[in-house]
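Participant: Pasting a structure here, questions to come.
The values are calculated or read from the model by the stated rules, or taken from the named source; none is laboratory data. This structure is a prediction, so every number in the text was calculated from the model and none was measured. Because the Cβ atoms are built from the backbone with ideal geometry, glycine has one as well, and the counts that use them run over all protein chains shown.
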Amino acid sequence: MQITAFLGVAHIHTPGFVAKLQDRADVKVKAVADHDAARAQKTADVFGASVLNVQAILADPEITSVIICSETVHHRDLVTRAAAAGKHMFVEKPLGITHEDTDAMEAAVKAAGVVFQTGFFRRSDPKWQFIKQEIAAGHLGKITRMRDTTCHMGALAGWFDTEWRWIADKSQAGGGGFADLGAHSLDTTLWCLSAIAGGPCGHVKAAVGSVGAQLDRYPDIDEYGCGLITFESGAIAVVEASWVDEKLHSGVEVNGLEGQIYVKDDKLFYYSKHVEGADGSEYTGPMPDAAPHAFELFFDKLEGKPLGVELVSVEEAAQESRVMADFYATAGA
């Protein structure tokens, strides 16, 4: 039985994590901390847990892990303190806003040697596992280009008008639609291509970005953005995200000298000189099994259960945050 606690319950994904924990008999939530007392009590009531301060939770030897779902601006304080207390941690994405904060958190987690995970759930999708697998196998040849887009209609629909307003506050979130959703596209791109994740394209050589807004529903923050990454190998990747896409959402494409993969509306099209049947039409061959959600994988790891996909390392999470910070810096945002 894992005994865990929440350090912050501000994130929009918190209700989903609460529901997942309610379905697990192997995890007990003992306590909840949040600077908003009413918000903390609301989550604590679900589990019959105590509302405590951060220090009390970190000092409790029975609590071996923490779930950090605070506003992003509080991550450095909570992560470094949790690491110093030897607590395993799930930290909702993104890890950090600035290079300085991200570096401090990465160093603290590595020094503590605790289990770390963040909320990049796309890695559990069979399509993404397949894309990484085929790139790693060399079936696309030397990678030339990749494009990945994540978008929804959050700003159009006013998802952040009330309870989740902080997500559209730059001082608390660090960025808007690009930072929020672009984190997912950036993660899968770096997971497939970057040397830190065992990818074939080496380290990130340069990263430049551009962001924009049209609605001005949330003042002084971006609604969409685009980033361009250059890798040591010469491969380039485009990462895009938006809060103002109502219907048609762009897909994913990966191009190499000997193959291509394109994903649109959950259909995967594949061409490879090395794979029988991969003629550019919709691929119907074998695919990896779906893995549990990133949040579930964290507790599976602590329970010693087999994982369908490895956890996101703190090095990978830190790389994503640093590249995103570079996107915003070069965009002048």
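Participant: Yes or no: Lys42 assigned to a strand (DSSP E or B) and surrounded by fewer than 19 Cβ atoms within 10 Å (Cβ to Cβ)?
Facilitator: Spelling it out, it is not the case that Lys42 is assigned to a strand (DSSP E or B) and surrounded by fewer than 19 Cβ atoms within 10 Å (Cβ to Cβ).
Participant: Let me ask another. Yes or no: Phe178 at pLDDT 95 or above, farther than 23 Å from Ser313 by Cα and not basic (Lys, Arg)?
Facilitator: Against the criterion (at pLDDT 95 or above, farther than 23 Å from Ser313 by Cα and not basic (Lys, Arg)), Phe178 does not qualify.
Participant: State whether one or more residues within region 145-159 are under 15 Å from Asp220 (Cα atoms) and either buried (at least 17 other Cβ atoms within 10 Å of the Cβ) or not aromatic (Phe, Trp, Tyr) (or both).
Facilitator: Taking every residue of region 145-159 in turn, at least one turns out to be under 15 Å from Asp220 (Cα atoms) and either buried (at least 17 other Cβ atoms within 10 Å of the Cβ) or not aromatic (Phe, Trp, Tyr) (or both).
Participant: Do we have Glu232 as out of contact with any Pro (no Cβ under 6 Å at 6 or more places or on another chain), acidic (Asp, Glu) and free of Cβ contacts under 8 Å to residues at least 24 places away in the same chain here?
Facilitator: no
Participant: Can you tell me which of Glu303, Glu282 is at pLDDT 95 or above, exposed (fewer than 14 other Cβ atoms within 10 Å of the Cβ) and either of a type in the set (Phe, Trp, Tyr) or in contact with an Asp or Glu (Cβ under 7 Å, 6 or more places away or on another chain) (or both)?
Facilitator: Glu303
Participant: So, one more: Scan Ala325, Ala331, Ala278, Ala318 and give me the residue that is out of contact with any Pro (no Cβ under 8 Å at 6 or more places or on another chain), in contact (Cβ under 8 Å) with a residue 24 or more places away in the chain, under 30 Å from Thr64 (Cα atoms) and of a type in the set (A, V, I, L, M).
Facilitator: Going through Ala325, Ala331, Ala278, Ala318 in turn, just one is out of contact with any Pro (no Cβ under 8 Å at 6 or more places or on another chain), in contact (Cβ under 8 Å) with a residue 24 or more places away in the chain, under 30 Å from Thr64 (Cα atoms) and of a type in the set (A, V, I, L, M): Ala318.
Participant: Same structure again: Among the residues of region 1-30, what is the count of those that are part of a strand (DSSP E or B), closer than 16 Å to Thr118 by Cα and either in the same structural domain as Ala168 (by TED's automatic domain parsing) or out of contact with any Leu (no Cβ under 7 Å at 6 or more places or on another chain) (or both)?
Facilitator: 4
Participant: Okay, next question. Identify, from the list Lys87, Lys127, the residue that is charged (D, E, K, R), closer than 14 Å to Leu7 by Cβ and touching a strand residue (DSSP E or B) at 6+ places or on another chain (Cβ under 7 Å).
Facilitator: Lys87
Participant: Just checking, does region 267-276 include any residue being in contact with a strand residue (DSSP E or B) (Cβ under 7 Å, 6 or more places away or on another chain) and either within 22 Å of Met324 (Cβ to Cβ) or not assigned by TED's automatic domain parsing to the domain that holds His203 (or both)?
Facilitator: No: region 267-276 contains no residue that is in contact with a strand residue (DSSP E or B) (Cβ under 7 Å, 6 or more places away or on another chain) and either within 22 Å of Met324 (Cβ to Cβ) or not assigned by TED's automatic domain parsing to the domain that holds His203 (or both).
Participant: May I pose another question? Which ones in region 199-225 are part of a strand (DSSP E or B), in contact with a Ser or Thr (Cβ under 6 Å, 6 or more places away or on another chain) and crowded, with 20+ Cβ neighbours inside 10 Å?
Facilitator: If the condition is that a residue be part of a strand (DSSP E or B), in contact with a Ser or Thr (Cβ under 6 Å, 6 or more places away or on another chain) and crowded, with 20+ Cβ neighbours inside 10 Å, then Gly209, Tyr224 are the ones that fit.
Participant: Can you tell me how many residues in region 1-34 are free of Cβ contacts under 8 Å to residues at least 12 places away in the same chain and more than 27 Å from Asp180 (Cβ to Cβ)?
Facilitator: 1
Participant: Any idea which residue in region 13-40 is farthest from the chain's Cα centre (by Cα), counting only those that are among the small types (Gly, Ala, Ser) and under 20 Å from Pro292 (Cα atoms)?
Facilitator: Ranking the candidates gives Ala25 first.
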